[in-house]
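A short write-up of the structure that comes next.
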Amino acid sequence: MQRVLLFLTLFFFAGFHPVARGAILTRLKNGENLKIAAIGTSLTDKEFNKGHGWFEQAGAWLNGLPYTGKVLLANRAVCGSASRTDTTTTGSKDGFHQLDEVLANDNPDAVFIEFGINDAYTAYHISEEASREHLQKMIDQIRLWAGRQNQGRGKAVDIVVQTMNNCTGAEAAKRPHLADYYQGYRRVALGNSGVLFIDNYSNWLALYESQTNHATWKRYSPDTIHPNGDGAREIILPSLQKALQGQLNAPELIAAPMFPENARVVFQGDSITDGERNRNDCPHLLLGQGYQFLIAARFSALYPERKVTFINRAVSGNNVKTMAARWQTDTLDMKPDLLSVLIGINDSGIGGGDERKVPLAQYEQVYDKLLADVRAANPNIRLVLGEPFYLPVMARKQGDERERDIRQRQAIVAKLAAKYRAALVKYQKVFDDACKRAPAEYWAADGVHPKYSGHQLMADEWVKTVTEFFK
């Protein structure tokens, strides 16, 4: 499935996939115990490898790390397997059958997949296109299953796709296009945000070509196709370690909150959330340009199977009173399962001048009534309230009258969040901390409307807060 991301080319998805589902080492480091499953061929099969294969070695390495979290392995790989050996039957050699067993019996936190070497086996009549389609279906199946766990709240499942070793002689003759099948695995893995790809094939090929007599390669794969324990330890395990450690060392990106299937998520507020959204039916402009777009794009790319609808009904220039005037049609009638509101900068007079200013007491009273109405309409709704924020740019100084006003409105929003059991996104601290790294103008040129850098900070904080609050 092709996922197109528009607006803000700084979008982080190209580098997001390592940590999107949690990252195995990060989760172990945080004290989480993980059930890690593997599906694949004889290259992974525990019985074939007599318990000394790469998967068991990886488990021993993971459990030897100085982390409180530990792993339990579930090796479902079977010798002779391919992704789909016969479309009319299922059996232990069928990759989909293996995956069904994992999901039905193992409750996995991570799944390793490798079938490329036998998908390329000509006797199985699996085309390169079919091999790619099968891998994509497996990824989709895992994600669909993960999204339905924990009573629909979902669970994190890391997906790791691997290419394996090359082969020689008669085995290579049976797999004349192995490199193309492995390239297909690469394409599918890298085309799915959140999937970790480990390229063992390149390392095996480099070893093979490093010596004219291929002595070391032959020692590690004496039967010309199956790596022995030494080969697993010297070639496969280091590749796996490097990939997993790369996740741990990468900039930590926040996992997307698990919205229920078919949920409707509505963003409400003023120009900061409006983001110059399009009012017609143009699908790629409806959310506008800003944090709400980043949040929706991130989740939609990672979890397309959840079919979540994101709606932006914020209106530039609104204060809490003008927002209230359209609350029925633009909020209640949208029937949100999650409502995110950011309002207050115009109420303070900072965003739109004194003519839009709303006294503090009235701001609280109207805001309170709006939240009461939406809670009455849907007692199970999830509410997210964003702090209005202020950046001291140009002639504006910290501690001036308008800043004191916005701080009071932040306290009101915090009070309402507690009253209505809403997640509170503390944007002010995010920007206060950011201004220690770069001037306020870097994040929001006018102190009110964030630039793309500021919207990224907002999106990250929103996702982090919502994820933790609604665990």
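Angle between the Cα long axis of helix 54-64 and the longest principal axis of the chain, 0 to 90 degrees, nearest 10? Helix 54-64 sits at roughly 50 degrees to that axis.
With a ≥ b ≥ c taken as the square roots of the eigenvalues of the C-alpha gyration tensor of the range 17-249, please select rounded if a/c is under 1.5 and otherwise prolate if a/b is larger than b/c or oblate if it is not? Since a/c reaches 1.5 but b/c is at least a/b, the shape of the range 17-249 is classed as oblate. Out of these labelled values of percent of Cα pairs over 43 Å apart, (1) 16; (2) 48; (3) 28, which was calculated from the coordinates shown here? Here percent of Cα pairs over 43 Å apart agrees with entry (3). The angle between the Cα long axis of helix 291-302 and the main principal axis of the chain comes to about 20°, on a 0 to 90 degree scale.
Karplus-derived 3J(HN,Hα) values for the range 304-309, using 6.51 cos²θ - 1.76 cosθ + 1.60 with θ = phi - 60°, are x, 5, 7, 6, 7, 9 Hz; glycine and proline are entered as x. Simple rule: put +1 on each Lys or Arg Cβ and -1 on each Asp or Glu Cβ in the chain, find the dipole, and look at 259, 36, 248; the Cα lying farthest toward the positive end is 259.
Cα extents for the range 274-381 along the principal axes, largest to smallest and rounded to whole angstrom: 45, 31, 22.
Shape index of the range 383-471: Rg/Rh, with Rg the Cα radius of gyration and Rh the Kirkwood radius from the inverse mean 1/r over Cα pairs, equals 0.98.
For the range 75-173, the mean projected area of the C-alpha convex hull, equal to one quarter of the hull surface, is 6.7 nm².
If you take every DSSP beta bridge fully contained in the chain, what fraction is antiparallel? Give it as a percent rounded to 5.
Details: 0 of 37 bridges.
Here the antiparallel bridges make up roughly 0 percent for the chain.
Take the Cα of residue 50, step 7 Å toward its Cβ, do the same at residue 172, and the gap between the two points is 2.7 nm. Which whole-percent values make up P(r) of the range 264-469 when all C-alpha to C-alpha distances are grouped in 5 Å steps starting at zero? Pair shares across the bins are 1, 7, 16, 22, 22, 17, 9, 4, 1, 0. What you get for the range 264-469, charging only the Cβ of Lys and Arg (+1) and of Asp and Glu (-1), is a dipole of about 420 debye around the Cα centre.
Sum up the charges of everything whose Cβ sits under 12 Å from the Cβ of residue 261, counting Lys and Arg as +1 and Asp and Glu as -1, but leave residue 261 out. Intermediate values should be presented prior to the final figure.
Numbers: positive: 143, 148, 153, 264, 306, 307; negative: 305, 337.
Taking every Cβ under 12 Å from that of residue 261, the sum is +4.
In the chain, the calculated helix contribution to ellipticity at 222 nm averages -12000 deg cm²/dmol per residue, counting -39,500 (n - 2.57) for every DSSP H run with n ≥ 4. 3J(HN,Hα) along the range 106-111: 9, 6, x, 9, 7, 9 Hz, from the Karplus curve 6.51 cos²θ - 1.76 cosθ + 1.60 with θ = phi - 60°, whole Hz, x for Gly and Pro.
Taking the Cα centre of the range 130-192 as origin, sum charge times position over the Cβ atoms of Lys and Arg (+1) and Asp and Glu (-1), and report the length of that vector in debye to the nearest 20.
Details: 10 positive and 5 negative charges, 49 e Å.
Its charge dipole is roughly 240 debye.
When 221, 300 are sorted by how many other C-beta atoms sit within 10 angstrom of their C-beta, beginning with the fewest, the order is 300, 221. For the chain, the dipole from Cβ point charges (+1 on Lys and Arg, -1 on Asp and Glu) about the Cα centre works out to 940 debye, to the nearest 20. A dipole drawn for the chain from +1 and -1 charges on Cβ atoms has a positive end, and of 372, 393, 238 the residue lying farthest that way is 372. For the range 220-235, backbone phi angles converted through the Karplus equation (6.51, -1.76, 1.60; θ = phi - 60°) give residue-by-residue couplings of 7, 9, x, 9, 6, 9, 9, x, 7, x, 5, x, 5, 6, 8, 10 Hz, Gly and Pro being listed as x.
Under 5 Å from the amide H of residue 37 lie the amide H atoms of 74, 109, 110, 111, 112, each residue being 5 or more positions distant or on a separate chain, with H modelled from the backbone and absent for Pro and chain starts.
Every number in this text was worked out from the coordinates using simple rules, so none of it is lab data. Model, not experiment: these values are computed from the prediction. For neighbour counting, all protein chains shown are included, and Cβ atoms are generated from backbone atoms with ideal geometry for every residue, glycine included.
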